[in-house]
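Below is one structure, written out as structure tokens, with a few remarks after it.
The values are calculated or read from the model by the stated rules, or taken from the named source; none is laboratory data. Predicted, not measured: the structure shown is a model, and the values here were computed from it. A quick note on method: Cβ atoms are made from the backbone with ideal geometry, for glycine too, and the neighbour counts reach across all protein chains shown. Ligands, DNA and RNA are excluded from the accessible area calculation, which covers all protein heavy atoms including side chains. Shrake-Rupley method; radii C 1.70, N 1.55, O 1.52, S 1.80 Å.
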Amino acid sequence: MTEPTPASLAARVRDGDVRFHELEEHADADTAAAARRRLVADESGADVDALGTYGFDAADAAPNIENMLGAVQVPMGVAGPVAINGGALSGERYLPMATTEGALIASINRGCSVVTDAGGATARVTKSGMTRAPVFRVRDVAEAEALVSWVRDNEATLREAAESTTSHGELLDVTPYVVGNNVYLRFRYDTKDAMGMNMVTIATREACDAIEAETDASLVALSGNLCSDKKPAAINAVEGRGRSVAADVEIPRAVVEERLHTTPEAIAEINTRKNLVGSAKAGGLGFNAHVANAVAAMFLATGQDEAQVVEGANAITTAETTPDGDLYVSVSLASLEVGTVGGGTKLPTQAAGLEILGIRGGGDPAGSNGDALAEAIAVGALAGELSLLAALGSRHLSSAHADLGR
């Protein structure tokens, strides 16, 4: 039997013999992708040849993509090395970053250099827990209260049901919220080194079955948006989701003046008036200068779910002058959802990003690599905040972007 070619597969799709999304059932994944490129190019008139240049076996990407045409290539660089004094990650590390924004890595790299000269940044994960919050329908508020009481009395039952679906995840707690005849149950799990969204969804479904079997409540939706995933939400800023992580550094006045060409007082004032007061006036959830830049670049470089930058950039930056006249700067990220196993972390270029940090795969103990990645991202965000605040203080922001093409 003749092996299918991209041309023959494309012809079968046009003839209605094969469906566009079923091509992998009739050929290897790379041939299927090439056939789709041909079909899309013919229909749209676009030149899509560049999408066919990628450095992995298309079959390996099957769990991560549907209707694959090829791959989008984002330039990747590194900032650093930066000295990190973390609970899970210590030593000097390069920070892998994928971006198309000129001047970004240069700016973060400057911050990394200053942080290292100051003795390094301290970083710690302060809270962990991936959440899923189903919504149940009950008859009235009396029945809502009864469901809340049942959940509180039967958390062991829910834990047994949820953990029966996973060998790694652990149910930490269940927090009820009542709105009329709606009951939301926010399940929180320790997902170890996995980001864990799929894990907690499957586990919570099993727990919901137990609730419906034992109470009069009816499950309406497995996600009731109190989770809250991929949306700006105050609950994540307050309660956290994924990993809550903070990083800080104290920089001697001389280093601020000589390396950043400004003063501790200027940086502290800019942070207050811009990041705190300005963000409050805007009604922002994030009180920072550009934490999303570091989070997004490191998410892309290490195979994270890029849509969760929405929560990952939920951060507060502080800056103040110490009694000795030096500069203290911190950044606290409330809901950083990251992992070093599963999802996009298995693809070769993303795995390389994790290897640059020395944290590919599962950690020992379990969860330590996920914590280390969170600490690395927090330090990258700290360096980025410091550099941008200093650029504003020295009034060099526009000239830096002009020099570097942005």
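Filtering the range 373-388 for residues that are of a type in the set (A, V, I, L, M), open to solvent by less than 50 Å² (accessible area, probe 1.4 Å) and either outside any helix (DSSP H, G or I) or not assigned by the TED database to the domain that holds ILE270 (or both) leaves an empty set.
So that you can scan it fast, the table gives a plain yes or no per residue for (1) of a type in the set (Asp, Glu); (2) open to solvent by less than 30 Å² (accessible area, probe 1.4 Å); (3) farther than 21 Å from VAL329 by Cα:
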| residue | (1), (2), (3) |
| --- | --- |
| VAL291 | no, yes, no |
| VAL295 | no, yes, no |
| THR302 | no, yes, yes |
| GLU306 | yes, no, yes |
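With the structure loaded, tell me whether VAL245 is open to solvent by less than 10 Å² (accessible area, probe 1.4 Å), among the aliphatic types (A, V, I, L, M) and out of contact with any Asp or Glu (no Cβ under 9 Å at 6 or more places or on another chain) or whether it fails that test. Against the criterion (open to solvent by less than 10 Å² (accessible area, probe 1.4 Å), among the aliphatic types (A, V, I, L, M) and out of contact with any Asp or Glu (no Cβ under 9 Å at 6 or more places or on another chain)), VAL245 does not qualify. Within the range 43-53, is there a residue that is assigned by the TED database to the domain that holds ALA296 and either part of a loop (DSSP other than H, G, I, E, B) or under 30 Å from ALA11 (Cα atoms) (or both)? Looking through the range 43-53, none of the residues is assigned by the TED database to the domain that holds ALA296 and either part of a loop (DSSP other than H, G, I, E, B) or under 30 Å from ALA11 (Cα atoms) (or both). For the range 259-289, the candidate set comprises residues that are closer than 17 Å to SER332 by Cβ and among the polar types (S, T, N, Q); within that set, the residue that is most open to solvent (accessible area, probe 1.4 Å) is THR272. The residue of the range 9-57 that is nearest to THR345 (Cα to Cα), among those that are surrounded by 16 or more Cβ atoms within 10 Å (Cβ to Cβ) and hydroxyl-bearing (Ser, Thr, Tyr), is TYR54. Entry remark, the range 58-72: residues being touching a Phe, Trp or Tyr at 6+ places or on another chain (Cβ under 8 Å) and surrounded by 15 or more Cβ atoms within 10 Å (Cβ to Cβ) number 2 in total. Inspection of the range 190-199 finds no residue satisfying the criterion of being at negative phi, over 17 Å from the mean Cα position of the chain (by Cα) and not assigned by the TED database to the domain that holds SER335.
Each row is one residue, and each column tells you yes or no for (1) farther than 30 Å from ALA381 by Cα; (2) in contact with a Cys (Cβ under 7 Å, 6 or more places away or on another chain); (3) without any contact (Cβ under 8 Å) to a residue 24 or more places away in the chain.
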position	(1), (2), (3)
THR5	yes, no, no
ARG12	yes, no, yes
ASP28	yes, no, no
ASP42	yes, no, no
LEU51	yes, no, yes
VAL72	no, no, yes
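Among the residues here, LEU226 qualifies as at pLDDT 95 or above, assigned to a loop (DSSP other than H, G, I, E, B) and at negative phi.
Would it be correct to say that LYS231 is farther than 23 Å from LEU104 by Cβ, outside any helix (DSSP H, G or I) and of a type outside the set (A, V, I, L, M, F, W, C)? Spelling it out, LYS231 is indeed farther than 23 Å from LEU104 by Cβ, outside any helix (DSSP H, G or I) and of a type outside the set (A, V, I, L, M, F, W, C). For the range 81-103, a tally of residues being touching a residue at least 40 places away in the same chain (Cβ under 8 Å) and either not in a loop (DSSP other than H, G, I, E, B) or not assigned by the TED database to the domain that holds GLU385 (or both) returns 9. Confirm whether LEU357 is open to solvent by less than 20 Å² (accessible area, probe 1.4 Å) and touching a Pro at 6+ places or on another chain (Cβ under 9 Å). Here the answer is yes, as LEU357 does meet what is asked. Counting only helices (runs of 4 or more DSSP H) that fall entirely inside the range 281-365 and contain at least 1 residues that are among the acidic types (Asp, Glu), the qualifying elements are 309-312, 348-357.
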